[in-house]
Amino acid sequence: MGGPSRGVILQLLLVLAVALFFAFVVANTKANLERAGLSAGYGFLWDTSAFDINQRLISYDSTNTYGRAFIVGGLNTVLVASMGVIAATIIGFLAGILRLSPNFLISRIVTVYVEFTRNVPLLLQIIFWWVILLALPRVRDSIQVGAFYLNNRGVRMPAPVFEQGSVVLLIGLVVGVVATILVARWARARQDATGHKFPVGWTGLGLVVGLPLVLFLITGRPIGLDLPEMGRFNLQGGFNITPELVALWLALSTYTGSFISEIVRGGILSVNKGQTEAAGALGLPSGLTLRKVILPQAMRAIVPPLTSQYLNLTKNSSLAVAIGYQDLVSIGDTILNQSGQALEVISIYMVTYLSLSLLTSTFMNWYNGRIALVER
Amino acid sequence: MKSAPRPFFRNRDQMIPGRPAPVTQVGVLGWLRTNLFSSWFNTLLTVAALVLLWRIVPPLLGWTVFNADFSGETGEECTAAGACWAWVDQRINQFLYGFYPPRAYWRVNVALLLLIPAVAYVLFDKLPYAKYGRWYSLSYPVIAAILLIGGFGIERVPTDQFGGFMLNLVAGLAGIALSLPIGILLALGRRAKLPVVRYASVIFIEVVRGVPLITLLFVAIIILELFLPPRVSLAQLVRVMVMITAFSSAYMSEVIRGGLQSIPSGQDEAAQAMGLSYWKKMRLVILPQALKISIPGIVNTFIGLFKDTTLVVTIGLFDILGQARLLQTNPDWIGKVDHETFLLAALFFFVICFSMSRYSINLERRLDTTRR
């Protein structure tokens, strides 16, 4: 008798408190906006932005709208986040496996790397890499590594030039990938049925790399390389990556990589030792044991926390604002200062990051479902 | 009569003394063989590691110690090839206390000294006067606030003069002290049977966890002003602390929810059968077990929170990172201390965060009553 009614009263009080709080906030905001002469709403997105963005994936100049500037920033966030996720995964798995290596020296070196990067603030690491990159020589005295030029404006690298006929290559690549997937399915079905193995790896390599390569030679090399060259004052040609992007990418991937390595190590340690011994008794070499026995089981423990590391990396990419890489938050900040539309800009941040998070976790949940233990 | 046939194996009347293991299996040589040169691949790794160490360690030692300059008034006196540590002697106070008035440094130091027993009474339970110690720990935040900000007869120091590592410590400790209880409440709220309480908790947790901390800090400096009546303004430090606390409470609540979920429902039912009220049940039965399980996660959240305090530099507060940037652009030191200041700041964080993580591993082992 006393229980439920007390619960109802408690909830009513909570609703009341929340409603009062929001009424208070809304009233204040309205009054403050009126005093500042601002109007609420998203109409400002169609106004001219009047500022430049030097790092962009789609065409943009200062006569474009705020809305387009937001899209440019969002794409930059996606760019650095996906580059970071790929690099962090590679670093994390390598470091996690190497830390468990019987080799004393290697496991100690990896331990020092992991403990140091994990326990130092990410922002400090980002700015540190940035300062180092800015201290590189000027453009005229660029350090040349092959076709790459390193200087304080970033890294200039060869850019692919697509001429007529490159579409054929793209089609070839897609055909190769699809064919590889089909072959892999067929091979697995055959191995399950007959026990005969099929060299899927080599076939796949031939299809994915060989097919476009043959097409490339047949169609008369439609893709060229635009090599950077040292002009009188400046580097010409090629493709430039800004030091901000490089610094952010380096710091994000080494920092998140050290967290992923701990997850991988925990995952591998969670696999029963009997599995390794059984694989050894069957005569599997240690590399194959890791690949075919340990990792598939460890992945079940690895994937869920891995997802949250990917989400963290995406959110941490917003620290770009500290070094002036023009990601969503950095561009949004400029827009906020110009237009004064604070609430709207912040709401755009929230919606963008929430949808990126949702997208990542949907994908990872799908993957997790695929590798989950199937109980029979 | 034939004598008994000679046995194929000669009977021994004494044990053969054990032979020592081959030299390649024991001692230094054996250790080297099993750990570094057990296979050709392992040998390759070892050689690669040695080359890497040779390329990194001697130059690093040379730069930080052997070729470094340790004294001087300005960066111009740093002429050696290595690091320039002269600024430590000259500017360490700015690095540690920011713009806090030098005549009041003692207040920060006393607050830090008083922190040690306050933390000790929380962490260890077998200390003398434990009962009073708990009360002391509870009242420590008030004591520290009075010492740092002033009032009650002590000279006031505005919070915008807080800076350097002290700012990181103040923001971090306040966040740690507040985010644990708020996180517990949120976790309980998320598992509550009352739908309003549950949805309010879920919305708060998911929204806060879905966005980067930096956007919350922008909210703190830009939007909070819009939300409050005119003429009411909160100190920037307070707003930042509110946001950092909100951010880590959301993460904390998820860690604790994980712990709560791992408690078998029999515990809950048994506590109810004993006639315990909701809060008594939580305080005496469920939470002690759930928190114990969540310790590694809780400490990791603390570490994350402490590292995140450096983000205040993006909204114009000069914490240790901000002071490092200031020194790097200071005319006396420009171009000389770019790496040195970062290295020292990184070391400060490393020492604190690394010891926290070691402590949590240690605690985890000590509290683990299931194994053994």
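Quick look at the values:
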| item | result |
| --- | --- |
| Restricting the range A:93-115 to residues that are hydroxyl-bearing (Ser, Thr, Tyr) and more than 10 Å from chain B (Cβ to nearest Cβ), the residue that is nearest to A:ALA301 (Cα to Cα) | A:THR111 |
| Filter result for A:VAL351 (surrounded by fewer than 18 Cβ atoms within 10 Å (Cβ to Cβ), of a type in the set (Val, Ile, Thr) and assigned to a helix (DSSP H, G or I)) | yes |
| Some residue of the range B:193-205 being within 25 Å of A:ASN337 (Cα to Cα), small (Gly, Ala, Ser), crowded, with 18+ Cβ neighbours inside 10 Å and within 11 Å of chain A (Cβ to nearest Cβ) | no |
| Leading residue by the ranking (modelled with the lowest pLDDT) among those in the range B:87-114 that are of a type in the set (S, T, N, Q) and over 22 Å from the mean Cα position of the chain (by Cα) | B:GLN90 |
| Filtered residues of the range A:335-346 (kept if assigned to a helix (DSSP H, G or I) and surrounded by 14 or more Cβ atoms within 10 Å (Cβ to Cβ)) | A:ILE335, A:LEU336, A:GLN338, A:SER339, A:ALA342, A:LEU343, A:GLU344, A:VAL345, A:ILE346 |
| Hits in the range A:233-289 (condition: among the polar types (S, T, N, Q) and within 30 Å of A:ARG138 (Cβ to Cβ)) | A:ASN234, A:GLN236, A:ASN240, A:THR242, A:SER253, A:THR254 |
| 2 or more residues surrounded by fewer than 19 Cβ atoms within 10 Å (Cβ to Cβ) and out of contact with any Leu (no Cβ under 6 Å at 6 or more places or on another chain): qualifying strands (runs of 3 or more DSSP E) within the range A:73-157 | A:143-145 |
| The range B:43-69: number of residues that are surrounded by 14 or more Cβ atoms within 10 Å (Cβ to Cβ) and farther than 10 Å from B:ALA83 by Cβ | 4 |
| Filtered residue count, the range A:35-59, keeping only those that are more than 9 Å from chain B (Cβ to nearest Cβ) and of a type in the set (Lys, Arg) | 1 |
| Test: residue in the range B:20-28 that is assigned to a helix (DSSP H, G or I) and within 13 Å of chain A (Cβ to nearest Cβ) | yes |
| Verdict on A:GLY146 being free of Cβ contacts under 8 Å to residues at least 24 places away in the same chain, among the small types (Gly, Ala, Ser) and farther than 22 Å from A:ILE335 by Cβ | yes |
| Answer from B:LEU216, B:LEU305 - the residue that is without any contact (Cβ under 8 Å) to a residue 40 or more places away in the chain, touching a helix residue (DSSP H, G or I) at 6+ places or on another chain (Cβ under 6 Å) and within 12 Å of another protein chain (Cβ to nearest Cβ) | B:LEU216 |
| Subset tally (residues that are surrounded by 14 or more Cβ atoms within 10 Å (Cβ to Cβ) and part of a helix (DSSP H, G or I)) for the range A:159-176 | 7 |
| Residue match in the range B:259-278 (condition: under 21 Å from the mean Cα position of the chain (by Cα), among the hydrophobic types (A, V, I, L, M, F, W, C) and modelled with pLDDT under 90) | no |
| Contacts under 9 angstrom Cβ, first residue in the range A:11-34 being touching a residue at least 40 places away in the same chain (Cβ under 8 Å) and at the interface with chain B (Cβ under 7 Å from one of its Cβ atoms), partner surrounded by 11 or more Cβ atoms within 10 Å (Cβ to Cβ) and not in a helix (DSSP H, G or I), 6 or more apart | A:THR29/A:ALA40 |
| Selected residue (criterion: nearest to B:TYR251 (Cα to Cα)) from residues of the range A:317-332 that are in contact with a Phe, Trp or Tyr (Cβ under 8 Å, 6 or more places away or on another chain), more than 7 Å from every other protein chain (Cβ to nearest Cβ) and assigned to a helix (DSSP H, G or I) | A:LEU328 |
| Test: B:PHE95 is part of a loop (DSSP other than H, G, I, E, B), in contact (Cβ under 8 Å) with a residue 24 or more places away in the chain and either loosely packed, with under 12 Cβ neighbours inside 10 Å or touching a Phe, Trp or Tyr at 6+ places or on another chain (Cβ under 9 Å) (or both) | no |
| Hits in the range B:75-96 - residues which are more than 18 Å from B:VAL108 (Cβ to Cβ) and of a type in the set (Phe, Trp, Tyr) | B:TRP85, B:TRP87 |
| Neighbours by Cβ (under 8 Å, 6+ apart or cross-chain): first from the range A:41-64, more than 19 Å from A:PHE239 (Cβ to Cβ) and at pLDDT below 75; second surrounded by 12 or more Cβ atoms within 10 Å (Cβ to Cβ) and among the basic types (Lys, Arg) | A:SER49/A:ARG68 |
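The values are calculated or read from the model by the stated rules, or taken from the named source; none is laboratory data. On a predicted model such as this, the values are computed, not experimentally measured, just so you know. Counting neighbours? That spans all protein chains shown, and the Cβs are built from the backbone with ideal geometry, glycine included.
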